[in-house]
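The values are calculated or read from the model by the stated rules, or taken from the named source; none is laboratory data. Just so you know, these numbers come straight off a predicted model, no measurement behind them. Using ideal geometry, Cβ is built from the backbone for each residue, glycine included, and neighbour counts are taken over all protein chains shown.
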Number of protein chains: 2
Amino acid sequence: MVDPAGQPRRARSDATRQRILDTAREAFARQGYTGTTITDIARPLGITTAALYYHFASKADILDSLLAEPLAAYARLIEDATAHRLDAPELLAAYLDFMAETRELIPVVAADPAIGAILDERLPRTPQQMTAAIIAALTGPHPSRAKTIRAHAALAAVKEATLAAMSDTDTLRPRDRAEILAAALRALDGP
Amino acid sequence: MVDPAGQPRRARSDATRQRILDTAREAFARQGYTGTTITDIARPLGITTAALYYHFASKADILDSLLAEPLAAYARLIEDATAHRLDAPELLAAYLDFMAETRELIPVVAADPAIGAILDERLPRTPQQMTAAIIAALTGPHPSRAKTIRAHAALAAVKEATLAAMSDTDTLRPRDRAEILAAALRALDGP
DNA sequence: GTCTATATTGTGATAGAC
DNA sequence: GTCTATCACAATATAGAC
């Protein structure tokens, strides 16, 4: 059960699979999902596209593998929001932490309309419905138009400021995190 | 100079050209630029793709025609920002009005990495540099890290809240506009 | 100004050898 | 597990008739 390279075969295969995922994530982040060809993924790895299809059933399957864990985390966030287990500051903080962890894939998913179809099959609700659920949790039981607008502002502030703050660091600095949350809460709550 | 339909030929051609642009804008907004085929544009109009190529040199040429005016307006905004002709509230207001006018095309441009290449040829600076210029104008002469983060938050709040407010109306309500600007300024300026 | 027909290229994906 | 070779298809774009 050990091949000439001295590694168990299963481990070797898993390692290749992981390298494909890493390369794919990078390529998707840079060129988008539709804009990335399977050749773009295979070539940097020094393998052919045929070899790639030994590890994954399709291009969409690669994306699925990349998104599985983040999507599950996001679904949990939505569930917490709709069940009112989090107040507004806690919800914004949870949303921020999710964005921080998933920062590489966020633009990929947001960017490509072709991903919408894939997402619809993986999620209990549409992305728009899921955003609406967070907005609703932020506005509380009496959602005036003004409050809804402020909720959109706060959510967008958290998302973009987090991505901006992490453009030069791999881990979000606690001071930055606090600054972002304070700014979002000011946008949400009024003077 | 009048064809059987009773219209001057030039006017008829211009009208067709305009219908192509309208259909293309709608399709791009729905499916993205890369995700839209020229057949997607031609079929709803009841013409063939060959006919479409009489009016436009390429698919990219259609996008160029759609973006020409918005890009010029955005370049003027950047120029005003870098020349410090606008203070922070005025700059956010100008940014908001630009987003409101261009709302259909914003997701298209933001979404598709393939558009980046086209944009690089049309703009004096990269989109990232242009955003950075607005951020710099918002932070003022002494850009602390905290202030920069707040500027990102404010800008994102304006952008997304404006798109959200206009999702159900064609013209932005003055009350909504004021609400968005107030929220963004709170995010920017601190308590 | 629009058509039919076609050239050309790029892409996701598969078959079968090693 | 990776290769060579190839397929099927879709997409942009062009040629030339009407």
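The residue that is nearest to the other protein chains (Cβ to nearest Cβ), counting only those in the stretch A:46-66 that are more than 9 Å from DNA strand C (Cβ to nearest atom), under 16 Å from the mean Cα position of the chain (by Cα) and of a type outside the set (S, T, Y), is A:L63.
As for the stretch A:127-146, it holds at least one residue that is touching a Ser or Thr at 6+ places or on another chain (Cβ under 6 Å) and surrounded by 15 or more Cβ atoms within 10 Å (Cβ to Cβ). When B:A182, B:A165, B:A154 are checked against the criterion of being within 21 Å of A:M166 (Cα to Cα) and small (G, A, S), B:A154 stands alone in meeting it. I need the helices (runs of 4 or more DSSP H) fully contained in the stretch A:106-191, keeping only those with at least 1 residues that are under 26 Å from B:L185 (Cα atoms) and at the interface with chain B (Cβ under 10 Å from one of its Cβ atoms). Ranges flagged: A:106-111, A:127-139, A:145-165, A:174-189. Inspection of the stretch B:22-30 finds a residue satisfying the criterion of being away from DNA strand D (no atom under 14 Å from the Cβ), out of contact with any helix residue (DSSP H, G or I) (no Cβ under 9 Å at 6 or more places or on another chain) and not hydroxyl-bearing (S, T, Y). Here A:T37, A:T102 are screened, and the one residue that is without any contact (Cβ under 8 Å) to a residue 40 or more places away in the chain and within 15 Å of DNA strand C (Cβ to nearest atom) is A:T37. Would you call B:D112 within 16 Å of DNA strand D (Cβ to nearest atom) and either in contact (Cβ under 8 Å) with a residue 60 or more places away in the chain or in the same structural domain as B:E179 (by TED's automatic domain parsing) (or both)? Yes, satisfied. With the structure loaded, tell me whether B:R103 is among the charged types (D, E, K, R), in contact with a Leu (Cβ under 7 Å, 6 or more places away or on another chain) and within 22 Å of B:L172 (Cβ to Cβ) or whether it fails that test. For B:R103, the condition - among the charged types (D, E, K, R), in contact with a Leu (Cβ under 7 Å, 6 or more places away or on another chain) and within 22 Å of B:L172 (Cβ to Cβ) - is met. When we screen B:E90, B:E69, B:E160, B:E121 for residues that are within 20 Å of A:T162 (Cβ to Cβ), assigned by TED's automatic domain parsing to the domain that holds B:L185 and of a type in the set (D, E, K, R), the only hit is B:E160.
Candidates are the residues of the stretch A:19-34 that are closer than 21 Å to B:I115 by Cβ and either more than 8 Å from DNA strand C (Cβ to nearest atom) or surrounded by fewer than 18 Cβ atoms within 10 Å (Cβ to Cβ) (or both); the one that is farthest from the other protein chains (Cβ to nearest Cβ) is A:E26.
Scanning for something within 16 Å of DNA strand D (Cβ to nearest atom), closer than 25 Å to B:A132 by Cβ and at pLDDT 95 or above, does the stretch B:48-65 turn up at least one residue? Yes, the stretch B:48-65 contains at least one residue that is within 16 Å of DNA strand D (Cβ to nearest atom), closer than 25 Å to B:A132 by Cβ and at pLDDT 95 or above. Put simply, of A:I78, A:I41, A:I106 the only residue that is modelled with pLDDT of 95 or more, of a type outside the set (K, R) and within 16 Å of DNA strand D (Cβ to nearest atom) is A:I41. Evaluating A:R173 against the criteria (1) under 24 Å from B:I134 (Cβ atoms); (2) surrounded by 21 or more Cβ atoms within 10 Å (Cβ to Cβ); (3) of a type in the set (D, E, K, R) leaves one unmet condition, (2). Within the stretch B:89-97, one or more residues are within 14 Å of another protein chain (Cβ to nearest Cβ), away from DNA strand C (no atom under 16 Å from the Cβ), out of contact with any Cys (no Cβ under 7 Å at 6 or more places or on another chain) and not aromatic (F, W, Y).
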